[in-house]
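For reference, the structure discussed in these notes is given below.
The values are calculated or read from the model by the stated rules, or taken from the named source; none is laboratory data. Keep in mind the model is a prediction, meaning the values are calculated, not measured. Counting neighbours? That spans all protein chains shown, and the Cβs are built from the backbone with ideal geometry, glycine included. The protein model used for the area step is the full one, side chains on, heavy atoms only, and it has no ligands, DNA or RNA in it. Shrake-Rupley method; radii C 1.70, N 1.55, O 1.52, S 1.80 Å.
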Amino acid sequence: MKKIIIIDDHQLLREGINSWVSGNSDWQVLAKLGNLEEVKTFIESYKPSQTDCVVAIVDLSFKVSGVNTEKLYGFEILKMFKNPELNIKTLVYSSHESGGIIAHSLSKEIGACGYVSKNSDCDTILCALEAIAKGDKFIQQNLITSYINAQTKLNTLTKREKEILNCVFAKYTNDEIAENMNISKRSVENYLSRIYDKTGTNNKQQLLEYIEMN
């Protein structure tokens with residue numbers, strides 16, 4: 001049986017995907033989750049199936065209470081589903097269309113199996129789900145060129161630098177990065193300095209702008 005998990009902080013979008021998929025395909029909706037905490041609770045109680053094909057459709061940006069800007073918690077959510085014991089694959093469904101974000105999402109560190117823009121139509125989502133169910137990767141056609149270009153540039157980063165970059169995407173402060181990765185703040189600053197050198201940027205804002213543009 002083919003099932004999906006819809007993860008987005010907009011209830012209207014969750015319900016829209018639920019309604020369209022249920023009415024136009026043989027995929028069943030297993031769960032609709034609106035934030036990081038709900039995802040954690042779901043995973044803790046989830047009993048993996050060896051016969052079902054389960055794909056989580058994950059947004060990248062989530063609103064956080066008390067914070068004016070959205071945070072890219074989607075990367076953290078995608079990494080949660082990398083656990084092979086869960087037997088759940090992931091599809092990014094996001095308004096972000098930059099090659100850098102696509103390449104980061106599909107990297108080994110993050111583990112997404114596909115990427116579709118929120119500007120696409122519902123048929124594209126269904127095509128992505130079917131491709132992933134067969135064990136294939138899927139990237140929306142008009143996003144492939146920018147993905148390839150960005151992937152080439154990001155491949156110059158080490159594994160640890162990519163982990164730091166993931167935290168930068170999530171808008172973490174240096175203190176939060178240090179705590180999250182269990183390293184010193186000085187080490188974070190050193191890693192960031194090397195990332196800036198490789199990307200030709202000088203600070204986090206420029207780094208994010210660089211990724212967004214490439």
Nearest-5 percent of antiparallel DSSP beta bridges in the chain? 5
Summed over the other residues with a beta carbon less than 14 angstrom from that of E161, with K and R at +1 and D and E at -1, the charge totals +4
Accessible-area composition of region 137-214, carbon plus sulfur, in percent [1.4 Å probe]: 46
Ordering of 27-33, 15-21, 40-46 by burial proxy (mean other Cβ atoms within 10 Å per residue, highest first): 27-33, 15-21, 40-46
Where does the charge balance sit around G23 when Lys and Arg score +1, Asp and Glu -1, over other residues with C-beta under 14 Å from its C-beta? -3
Against the longest principal axis of the chain, how steep is helix 36-45, in degrees 0 to 90 to the nearest 10, with axes from Cα atoms? 60
Global geometry of region 1-60, whether rounded, prolate or oblate, following the gyration tensor of its Cα atoms and the 1.5 cut on a/c: oblate
What net charge is computed for the residues neighbouring I110, neighbours being all others with C-beta under 11 Å from the C-beta of I110, Lys and Arg scored +1, Asp and Glu -1? +1
Roughly how many nanometres apart are two label points built 7 Å out from the Cα toward the Cβ at Y196 and K137? 3.1
Which loop trypsin sites (Lys or Arg not before Pro) in region 48-148, with loop taken from DSSP, have no more than 12 other Cβ atoms within 10 angstrom of their Cβ? K108, K134, K137
Would you work out the relative contact order for region 78-213, in percent, from Cα pairs under 8 angstrom that are 6 or more residues apart? 24
